[in-house]
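K.L.:
Encoded as structure tokens, here's the structure I'll be asking about.
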Amino acid sequence: MQPKGPIGIFDSGYGGLTILKAIAKQLPDYDYLYLGDNARAPYGNRSYETVYQYTLQAVEWFFRNGCSLVILACNTASAKALRSIQQQNLPANDNKRVLGVIRPTAEIVGNFSHTGHIGVLGTTGTVKSDSYKIEIHKFFPEATVYQQACPMWVPIIENGEQESTGADYFVKEYIDNLLLQSADIDTILLGCTHYPLLMPKIRSYLQNNITIVDQGDIIAKSLEDYLKRHPEMESLCSKNGTKTFFTTDNTDTFNKRGEVFYGNKIESEKAIL
Ligand code: DGL
């Protein structure tokens, strides 16, 4: 019999902590194991092959550490590595599952829009993959999706500069570029788990009639629903309400910066992938 273990939550760095925060609020009883691959972040501009290799190493690390269910709380990894991992790397007769954040978000995001014109902000990797365009059209065939890559946002956020005046320049630039694509955009999806940290600045460059959608609550509800629909996986998730944090880089830095994303104190340990 497969032993119970924590639910794994993965991101290239700190962004997945915004997802863990929402998940732990919605589903506080489960145990969670977080891994940030800070030593190799950001993933946003990296090739398909590299993101796939890095993400696969992380997934194998979660499995070695007792997880049966792993959430890629990173849009870039979900866009570039999830399908390959699901198709090529999961043992056929083992109860091991890896889920992403793009499909559950795409299923919902169209509900926020009245005009059917939806803007997606993401890393270069996520935008180039067209994953959001493809997935949103499956659920909302009438919707028009506009995308804008924001390659400077993750480095700004990872360096703790999200409140600086320097950040304003790049927030305005990417928002302007997105809105130039259509005057009818009424919903903007933050398609990167780091971006909620820029929310006040993003909001300040948008009119009030534009809804900004961040993924935390969507992913939390979708996980709750998944666990209800898959009792065979739910029974493999331990429930002691613990959260354990690992980073591939310096733990002191992770504790300090991670707190801003997670909203609570963090004591991380070093992971060797
Ligand atoms: N937080 C990740 C995402 O949701 C990406 C950050 C990165 O570029 O590594 O896409």
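K.L.:
For the range 43-71, what are the residues that are under 13 Å from the mean Cα position of the chain (by Cα) and either within 20 Å of residue 150 (Cα to Cα) or aromatic (Phe, Trp, Tyr) (or both)?
P.N.:
43, 44 - these are the residues of the range 43-71 that are under 13 Å from the mean Cα position of the chain (by Cα) and either within 20 Å of residue 150 (Cα to Cα) or aromatic (Phe, Trp, Tyr) (or both).
K.L.:
Can you tell me how many residues in the range 61-84 are more than 16 Å from the ligand (Cβ to nearest atom), surrounded by fewer than 24 Cβ atoms within 10 Å (Cβ to Cβ) and without any contact (Cβ under 8 Å) to a residue 60 or more places away in the chain?
P.N.:
Result for the range 61-84: 3.
K.L.:
Got at least one residue in the range 119-129 being open to solvent by 20 Å² or more (accessible area, probe 1.4 Å), assigned by TED's automatic domain parsing to the domain that holds residue 247 and either of a type in the set (A, V, I, L, M) or in contact with a Pro (Cβ under 8 Å, 6 or more places away or on another chain) (or both)?
P.N.:
no
K.L.:
Name the pairs whose Cβ atoms lie under 9 Å apart, with the first residue in the range 94-109 and touching a residue at least 40 places away in the same chain (Cβ under 8 Å), the second basic (Lys, Arg), and 6 or more positions between them or separate chains?
P.N.:
Listed pairs, sorted by first residue: 104/221; 107/138; 108/221.
K.L.:
Now a separate question. Condition first: hydroxyl-bearing (Ser, Thr, Tyr) and either over 22 Å from residue 3 (Cβ atoms) or within 16 Å of the ligand (Cβ to nearest atom) (or both). Now tell me which residues in the range 23-60 satisfy that.
P.N.:
Taking the range 23-60 as the starting set, the residues that turn out to be hydroxyl-bearing (Ser, Thr, Tyr) are 30, 32, 34, 43, 47-48, 50, 52, 54-55.
Within the range 23-60, 34, 43, 47, 48, 50, 52, 54, 55 qualify.
K.L.:
Same structure, new question: Assess whether residue 149 counts as being open to solvent by less than 30 Å² (accessible area, probe 1.4 Å), of a type outside the set (Ser, Thr, Tyr), touching a residue at least 12 places away in the same chain (Cβ under 8 Å) and assigned by TED's automatic domain parsing to the domain that holds residue 57.
P.N.:
Values: open to solvent by less than 30 Å² (accessible area, probe 1.4 Å): yes; of a type outside the set (Ser, Thr, Tyr): yes; touching a residue at least 12 places away in the same chain (Cβ under 8 Å): yes; assigned by TED's automatic domain parsing to the domain that holds residue 57: no.
So residue 149 fails the test.
K.L.:
Here is a further query. Checking residue 136 against (1) more than 16 Å from the ligand (Cβ to nearest atom); (2) aliphatic (A, V, I, L, M); (3) open to solvent by 20 Å² or more (accessible area, probe 1.4 Å): exactly one of these is not met. Which one?
P.N.:
Condition (3) is where residue 136 drops out.
The values are calculated or read from the model by the stated rules, or taken from the named source; none is laboratory data. Computed from a predicted structure; not experimentally measured. Glycine gets a Cβ as well: all are built from the backbone with ideal geometry, and neighbour counts include every protein chain shown. These area figures cover heavy atoms from the full protein model, side chains too; ligands, DNA and RNA do not enter into them. Shrake-Rupley method; radii C 1.70, N 1.55, O 1.52, S 1.80 Å.
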